[in-house]
Amino acid sequence: MARESSRGPRLDQPLERGISLRPTVSEEAVGRLSERIARFLGSWRFIGYMTAFIIAWVTWNTFGPSSLRFDQWQFIGLTLLLSLQASYAAPLILLAQNRQADRDRVQYQDDRARTDRLIADTEYLMREIASLRVALGEVATRDYIRSELRDLLDDLDERENRQQRPSKKQKKGRTPEPVAPPEPADDVIPTEPSADVGTDNLPDPAVEAFDASDDAVEPEASATD
């Protein structure tokens, strides 16, 4: 500890301010007081108080007892008081204006920074929206898919109709193919029919059956006549 105190003040610590003979005035306190005074000087209440004071001063020094008048005609004392009041009011009003100007400048800087941030955010959002539009433009939507499927179905129907039309024409213009007669079998031996088939060569039972068939045919022919 003794060594550290002998080395002097440390660089990482602020120096302690010594005793100053000059009076220290807080600028913030003076600024608030000047604003309060300037605000009071610019009010109707101050105007009323000032008017009442001047009227009372002039009335007392004009119509009051001569021995009690402290400011005779020309009212030099009143003029001096008004001059002092104006001389102090002017710098106080200027202090208040400067303080208001500083406040306005800080507010303006804050508004400007906020506006810059809003502009940056707006530009970022615009870029994001533009990128989303580009991405959405490349994505197939439901309506687009429906339209493509509908067009594909129409193309398939049209192709099917084109294929069906020639087949119908071929069916209409087709001629029936001639049917070939059956070929005779090799094992069957053709026999020549006899030119004259008479009843003389038939046996007796056969002749009787032939006569019976002739008798049955005759009533049918008479019925048809």
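The values are calculated or read from the model by the stated rules, or taken from the named source; none is laboratory data. Computed from a predicted model, the values in this text were never measured in an experiment. Using ideal geometry, Cβ is built from the backbone for each residue, glycine included, and neighbour counts are taken over all protein chains shown.
Within segment 88-104, is there a residue that is more than 30 Å from residue 39 (Cα to Cα), out of contact with any Ser or Thr (no Cβ under 6 Å at 6 or more places or on another chain) and hydroxyl-bearing (Ser, Thr, Tyr)?
Looking through segment 88-104, none of the residues is more than 30 Å from residue 39 (Cα to Cα), out of contact with any Ser or Thr (no Cβ under 6 Å at 6 or more places or on another chain) and hydroxyl-bearing (Ser, Thr, Tyr).
From 96, 89, 130, 135, which residue is part of a helix (DSSP H, G or I), surrounded by 10 or more Cβ atoms within 10 Å (Cβ to Cβ), of a type in the set (Gly, Ala, Ser) and under 47 Å from the mean Cα position of the chain (by Cα)?
Among 96, 89, 130, 135, only 130 is part of a helix (DSSP H, G or I), surrounded by 10 or more Cβ atoms within 10 Å (Cβ to Cβ), of a type in the set (Gly, Ala, Ser) and under 47 Å from the mean Cα position of the chain (by Cα).
Somewhere in segment 7-20, is a residue at pLDDT below 90, small (Gly, Ala, Ser), at positive phi and loosely packed, with under 10 Cβ neighbours inside 10 Å?
Yes, segment 7-20 contains a residue that is at pLDDT below 90, small (Gly, Ala, Ser), at positive phi and loosely packed, with under 10 Cβ neighbours inside 10 Å.
Name every residue in segment 51-63 that is free of Cβ contacts under 8 Å to residues at least 12 places away in the same chain and either of a type outside the set (Gly, Ala, Ser) or over 29 Å from residue 41 (Cβ atoms) (or both), in order of residue number.
51, 53, 55, 59, 60, 62, 63
Looking at segment 62-80, which of its residues are of a type outside the set (A, V, I, L, M, F, W, C), surrounded by 10 or more Cβ atoms within 10 Å (Cβ to Cβ) and not in a helix (DSSP H, G or I)?
Within segment 62-80, 64, 69, 71, 72 meet the criteria.
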